[in-house]
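Contents: one structure, followed by commentary.
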Amino acid sequence: MDPGTNIMGYGIVKVEGKKFEMLSCGIIKLGKYPDHAVRLRKIFDRVVSLIDEFNPDDLSIEAPFF
């Protein structure tokens with residue numbers, strides 16, 4: 001997961017042994033929301049929906065840098 005403030009990207013992979021399968025990937029365009037609190041809420045809502053849908057065992061979040 002790359003929780004950018006303008007574009008948030010994510011990818012969901014399934015791993016079985018040495019086999020990897022891409023289950024889902026996408027972005028959320030956040031630049032259209034001028035309020036930072038709204039952007040954070042959109043990120044939160046999407047992350048919760050992905051967790052509910054895929055029930056992952058692990059999560060990796062990219063550290064922000066400026």
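The values are calculated or read from the model by the stated rules, or taken from the named source; none is laboratory data. Source: prediction; values computed, not measured. Each accessible area value is taken on the protein alone, full model and side chains, heavy atoms only, with ligands, DNA and RNA left out. Shrake-Rupley method; radii C 1.70, N 1.55, O 1.52, S 1.80 Å.
A few remarks follow.
- Share of carbon and sulfur in the accessible heavy-atom surface of the chain [1.4 Å probe, %]: 57
- Rolling a 1.4 Å probe over the protein chains gives residue 1 an accessible area of about 50 Å².
- Proximal lysine pairs, the chain, alpha carbons under 30 Å, eight or more residues apart or interchain: 4
- Under-5 Å amide H pairs with residue 12, H placed in peptide plane, nonlocal only: 23, 24, 25
- Label corresponding to mean projected area of the Cα convex hull in nm² when calculated from the structure given, among [x] 6.1; [y] 5.1; [z] 4.0: [y]
- Against the chain, whose longest principal axis is taken from its Cα atoms, helix 36-54 shows a tilt of about 20°.
- Ranking by accessible area, most exposed first, for 51, 27, 12 with a 1.4 Å probe: 27, 51, 12
- Residue order by solvent-accessible surface for 10, 33 is 33, 10, largest first, with ligands and nucleic acids left out and a 1.4 Å probe.
- Ellipticity estimate at 222 nm from DSSP helix runs (n ≥ 4, -39,500 (n - 2.57)) divided over the chain, nearest 500: -10000 deg cm²/dmol
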